[in-house]
């Protein structure tokens, strides 16, 4: 215990005054004569003892009252926590977590509202000359500097829920950058406050690092309910959609609560109209999938959303996605020799296919970007220009199918294969073989067998008379779709950029195999075309930098790409970057609201991009105080001071930490108590 004014302790010498008064009783006694005092002896002795006790008690009360009165003037206090004492100059950085999870209700209402109030109390507990920095998940440029308390409070009133998600290391790094960029005064203290519900997703695969001179305070808030039901993702059961065909949308729903969610309604909307309605039951702490069948009769870009109803966290109840229903599908076949009657019959007789077969010497490279599939049928030469254009086509999302020649130029193919890590082909080797294994989970074979089976019973698979040996590159990520009994891959798919390359081990020649006449030939070669033709586009996350494709659209004149959403009044000019025959766009982090956004060029739509809120916020599981302390200490940082976010007197708690515990009020109270005790003794304690 220390004293603010220790010089007042000299007044304790005044305690001698009541002692002297009691030792030397200056009261003059009046003599009273009695005729006989023999009967008063016992009463006199008893009164003498009681009078002595009364005087001692009164003396003690006076001494204690005077002692505590002197101590009150000396103002005793318990010292502040080490390193947190108040300074004449303070710089304070306060992070207010305004993510969607802070919309959950706590003891005193929505957590974000409570966090704003606590931040206000913290700021007002400092002096008017101290400087403050406000940080939110939006990382606004104006918030990267220290301002006066009045300006800080004004900015604090403007804080609203945001779709942006930040990790704890990002927040701490942002605070440290602000401290480093601001000039420091002598004896200046740096303090940082973290006001959040501290979800576990804040620190996934991350370690903290910061300036050791910064003192951290964590202010956690506790939501009354941590259960949440949300749509995690969705995908089409078949990777393509034809006009008028029936499709199934697979929706994955997660339940983070402790109770089973039963018969939750799911609704699918496409282009503003309801297409399907179903229910889903999700066990506690698990994931469930449900299927929504729907039919679309229109072509072009389809803007869709699947939604459920959940409360109070609602930002993740809707999942937006988009897909393209093509009016036709273009297939280009480059023949190294004669045209294949099997390919002509498969693609040429269906009006849905725009099929074109050319020879090696008649290739139009400009037509590559419009093709859904390019078939290289028994091509012997792979010229440098052809290799470059094929690579650019695949990196932009296209797929090619290589059918080897009966007399293949091995060196020419191998040069092309080495450039993009395709399987090498050697042979052909003569020997009876048979296709024996089907990778039925691959999209090429999904839905091929009726009745929902993964493979038909007693299936008669194609026979092989001779074939080329495929040797896979370990690092290429090649998938084997069909495999022979000998273990040789029969049909493989190697991803290249956003697209890929199919490689078949045999020519479409009866002398090599009967595959071209087998029932598998039609669905496999059809799905090779449709794969990716109308699948759900790659979704984006709001509030972060990302790139999305505008396809092969070429602008003319002063045209620019726009990203638009009329529902929320959004219209931004997109930055364009060309590469590998594909135009990539970005609008930095300007998209804040989830939805389907249309890319336009000259007011003509060229693509639709879906933006969804980050699902990291959907798991409301939060860290405990012990976990927070461990997180800081394992990162070689000083353990933060924990303040209770549910405590309305947070400013008082801060004052006690910085100034210590002042005891003068208790001293005055005790002095009054002992003075009252003295009065009671004198009044009611009879001699």
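Brief remarks on what is shown
- Flag set for residue 355, criterion: touching a strand residue (DSSP E or B) at 6+ places or on another chain (Cβ under 6 Å) and in a strand (DSSP E or B).
- Yes/no for residue 288 being under 30 Å from residue 226 (Cβ atoms) and outside any strand (DSSP E or B): no
- Restricting attention to segment 315-336, the residues that are in contact with a helix residue (DSSP H, G or I) (Cβ under 8 Å, 6 or more places away or on another chain) and outside any loop (DSSP other than H, G, I, E, B) total 7.
- Annotation: of all residues in segment 94-113 being within 20 Å of the chain's Cα centre (by Cα) and part of a loop (DSSP other than H, G, I, E, B), the one that is surrounded by the most Cβ atoms within 10 Å (Cβ to Cβ) is 97.
- Selection status of residue 312, closer than 19 Å to residue 241 by Cα, in a loop (DSSP other than H, G, I, E, B) and either in contact with a helix residue (DSSP H, G or I) (Cβ under 6 Å, 6 or more places away or on another chain) or at pLDDT below 90 (or both): no
- Of all residues making up segment 383-418, the number that are part of a loop (DSSP other than H, G, I, E, B), over 14 Å from residue 499 (Cα atoms) and in contact with a strand residue (DSSP E or B) (Cβ under 6 Å, 6 or more places away or on another chain): 1
- Of residues in segment 511-536 being more than 20 Å from residue 501 (Cα to Cα) and in a loop (DSSP other than H, G, I, E, B), the one modelled with the lowest pLDDT: 536
- Residues of segment 316-347 classified as free of Cβ contacts under 8 Å to residues at least 24 places away in the same chain and crowded, with 17+ Cβ neighbours inside 10 Å, total: 0
- Residue check for residue 128: in contact (Cβ under 8 Å) with a residue 60 or more places away in the chain and surrounded by fewer than 17 Cβ atoms within 10 Å (Cβ to Cβ): no
- Selection within segment 590-637 - surrounded by 15 or more Cβ atoms within 10 Å (Cβ to Cβ), touching a residue at least 60 places away in the same chain (Cβ under 8 Å) and assigned to a loop (DSSP other than H, G, I, E, B): 592, 593, 594, 613, 614, 619, 620, 623, 635, 637
- Breaking point among (1) modelled with pLDDT of 85 or more; (2) out of contact with any helix residue (DSSP H, G or I) (no Cβ under 6 Å at 6 or more places or on another chain), for residue 508: (2)
- Verdict on residue 352 being surrounded by fewer than 19 Cβ atoms within 10 Å (Cβ to Cβ), at pLDDT below 90 and closer than 23 Å to residue 415 by Cα: no
- Condition met for residue 242 (exposed (fewer than 13 other Cβ atoms within 10 Å of the Cβ), outside the structural domain of residue 122 (by TED's automatic domain parsing) and more than 30 Å from residue 112 (Cβ to Cβ)): no
- Checked against the criterion of being in contact with a strand residue (DSSP E or B) (Cβ under 8 Å, 6 or more places away or on another chain), at pLDDT below 80, within 21 Å of residue 633 (Cβ to Cβ) and assigned by TED's automatic domain parsing to the domain that holds residue 653, segment 183-199 contains not a single residue that satisfies it.
- Unmet requirement for residue 298, which otherwise passes all of (1) assigned to a strand (DSSP E or B); (2) closer than 15 Å to residue 247 by Cα: (1)
- Within segment 114-127, tally of residues that are assigned to a helix (DSSP H, G or I) and either under 18 Å from residue 620 (Cβ atoms) or in contact with a strand residue (DSSP E or B) (Cβ under 7 Å, 6 or more places away or on another chain) (or both): 7
- From 4, 69, residue being modelled with pLDDT under 75 and surrounded by 11 or more Cβ atoms within 10 Å (Cβ to Cβ): 4
- Single unsatisfied condition, residue 361 versus (1) surrounded by fewer than 18 Cβ atoms within 10 Å (Cβ to Cβ); (2) modelled with pLDDT of 85 or more; (3) in a helix (DSSP H, G or I): (2)
- Residue in segment 406-418 that is at pLDDT 80 or above, buried (at least 17 other Cβ atoms within 10 Å of the Cβ) and within 41 Å of the chain's Cα centre (by Cα) present: yes
- When residues of segment 295-309 are limited to those that are within 29 Å of the chain's Cα centre (by Cα) and either within 14 Å of residue 594 (Cβ to Cβ) or modelled with pLDDT under 85 (or both), the one surrounded by the fewest Cβ atoms within 10 Å (Cβ to Cβ): 307
- Some residue of segment 273-283 being part of a loop (DSSP other than H, G, I, E, B) and modelled with pLDDT under 90: no
- Sub-8 Å Cβ pairs linking a first residue in segment 250-269 that is assigned by TED's automatic domain parsing to the domain that holds residue 286 and at positive phi to a second residue that is exposed (fewer than 13 other Cβ atoms within 10 Å of the Cβ) and assigned to a strand (DSSP E or B), at least 6 apart or interchain, are 263/279, ordered by first then second residue.
The values are calculated or read from the model by the stated rules, or taken from the named source; none is laboratory data. The model shown is predicted, which means the values in this text are computed figures rather than measured ones. FYI the Cβ positions are ideal-geometry reconstructions off the backbone, even for glycines, and counts take in every protein chain you see.
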